[in-house]
Amino acid sequence: MGNSRLTVSLPSASLAEALEDVEAEVLRWDMSGPAPRPEIDLVVVPYIPGSEHLRWLDGVTTRLVQAQYLGYDGVAENLPPGHVYANARGVHETSTAELALALLLASQRGIGAFVRAAGVRTPEPTWYPSLADRRVLVLGQGGVGRAIEERLTPFEVEIVRVARTAREGVHGLAELPQLLPSVEAVVVAVPLTDKSVHLVGAEFLARLPDGAVVVNVARGRVADTAAILREARTGRLRFALDVTDPEPLPVDHELFTLPNVLISPHAGGMSTAMLPRVARLVRRQIELLSAGAEPVNVVLRR
């Protein structure tokens, strides 16, 4: 790539507008078809589900492929060789943590029941469990997990931290069987890997005490949908799910009908905070690449 001016492809008009002043040659490419040219220094991937569109990078020479997602499961299977892939660390953690807290609070304080009653009958004040004084297990100590903990702390809860491996102040996954019976809420924020598929399964759920709530803002496949459904049917546990398996759930899925289940449509990162944060990240990558420096957030080299 002999041009001194960086070439950048952006997938949307809104992102192009947010970056209209960058020192780069900007192309529009939403990756729904072939690349506009065979050499593009920085390709920003569209914010759409899946990673099959990465196959359009085959035959394109790049210096960096920049995602707008935090998770990168499935990328290695679809990214052609010869590319460097960066995730969107620093973009979605805050918004995802906000939704995790919203789902947890809504489940604890009966918001779903109040909404369902509206227009059908006069809602009656009912005793619901507080969030205050609860023992909450945060499963995952990456950026999302830490952002959730920061927002949980003012609610006067006891936080139990769990990560893949134990360290000071953090329990390891191996300790889950001993920890789960003592907590009243679990917030799941682990990345999807071969080892985390169905981590939240029948055995995990069976160890939770009656009335506990499970919030999942990770990936749908981290939890076993059949196991969730079995527990939800009995009413023993409550669930607040931003992600499901499959995703989206069929419109007639039984989970939608259960009063102890709240479901949002994988909307954790979808807030007004996203666009300016993505633009800030892309701007930084342009500056680094222009200076001949290493980009940030690289998670895969093919």
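Between the residues PHE239, VAL261, ALA189, the greatest Cα displacement towards the positive end of the dipole of the range 158-261, with unit charges on the Cβ of Lys, Arg, Asp and Glu, is found for ALA189. Computed over all pairs of different Cα atoms, the Kirkwood value for the hydrodynamic radius of the range 256-302 is 14.0 Å. Assuming R0 = 41 Å, can you tell me the calculated FRET efficiency for the pair ALA267 and GLU23, based on Cβ-Cβ distance, to the nearest 0.05? Using R0 = 41 Å, I get an efficiency of 0.75. Full extension of the chain segment joining GLU294 with ALA202 gains 28.7 nm, where the gain is 0.36 nm per residue of separation less the Cα-Cα distance. The orientation-averaged projected area of the convex hull spanned by the Cα atoms of the range 13-84 comes to 4.9 nm². Surface composition of the chain: carbon and sulfur make up 53 percent of the accessible area, probe 1.4 Å.
Dimensions of the range 92-263 along the principal axes, based on C-alpha atoms and rounded to the nearest Å, stand at 51, 34, 31, largest first. Sorting PHE239, PHE114 by solvent-accessible area of protein heavy atoms yields PHE114, PHE239, largest first, with a 1.4 Å probe. Candidate values [x] 15.3; [y] 17.8; [z] 16.5 were compared with mean projected area of the Cα convex hull in nm² computed on the shown model; the agreeing label is [y]. For the pair THR126 and ALA13, label points projected 7 Å from Cα toward Cβ lie 4.6 nm apart.
Under a Gaussian network description of the chain, with springs only between Cα atoms under 10 Å, the residue in VAL120, VAL197, VAL26 that fluctuates furthest is VAL120.
The values are calculated or read from the model by the stated rules, or taken from the named source; none is laboratory data. Every value quoted in this text rests on a predicted model; they were computed, and no experiment measured them. In this analysis, Cβ positions are derived from the backbone assuming ideal geometry, glycine residues included, and neighbour counts consider all displayed protein chains. We work out accessible area using only protein heavy atoms, side chains counted, and drop any ligands, DNA or RNA first. Shrake-Rupley method; radii C 1.70, N 1.55, O 1.52, S 1.80 Å.
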